[in-house]
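Report on one structure; see the data block that follows.
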Amino acid sequence: MKTTKLFMSAAVVATLFFAGCSPKDGDIEKAVKAKEASEVSVAVAKGEVTLTGEVADDAEKAKAEVIAKAEKGVKSVVNNLTVKSVMPVVIAEDATLIKNVADAAKDFPTVQTSVKDGVVTLKGEINKSSLVKLMQQLSVLKPKKIDNQLTVK
């Protein structure tokens, strides 16, 4: 009987000791937030970490989960992170670009233009205020690159 009471008392003390040693949700949250990117939100409930927000790529998403799982006291991780979508850059075809570049440059008689593989090349002379206007008109056409070889007078 004494042995049973002693064993039960030891079990209660051990349970209280180990329960008091596990990190609290707030401490886990602070530790994970300190190691994560600023775009990642961290929430912790009963040792379960939930990650939300946007990251640049799948590697960053996986890294965030590994960081959270490595923290002491974490029982599980729910990774609700999304990968930012990258909008593809649309580059105009040369035939269309040649016509549109000629239209944009028609008001600038001292400027010669050429287009090859999506790259618009500008040669000749232009004044500074006209250069700004021309560059704005050409940028709207979405060429791959504008090679400005103009002399500003």
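Coordinate-derived values only; no laboratory data. Note that this is a predicted model, so its numbers are computed, not measured. Heads up, the Cβs are rebuilt from the backbone with ideal geometry, glycines too, and the neighbour counts pull from every protein chain shown.
What list do you get for Val40, Val111, Val78, Val152 if you sort them by fewest beta carbons within 10 Å? Ranked by crowding around the Cβ, least crowded first: Val152, Val78, Val111, Val40. Note on the stretch 94-152: the C-alpha convex hull projects to 3.3 nm² when averaged across all orientations. With K and R counted +1 and D and E -1, the other residues having a Cβ less than 14 Å from that of Leu150 yield a net charge of +2. When both bridge partners sit in the stretch 23-83, DSSP labels roughly 45% of those beta bridges antiparallel.
Normalised radius of gyration (Cα atoms, divided by 2.2 N^0.38 Å) for the stretch 51-124: 2.17. A full extension of the chain between Val78 and Glu65 corresponds to an added length of 3.9 nm, given 0.36 nm per residue minus the alpha carbon distance.
Compactness of the stretch 23-83 was expressed as the Cα radius of gyration divided by 2.2 N^0.38 Å, which yields 0.98.
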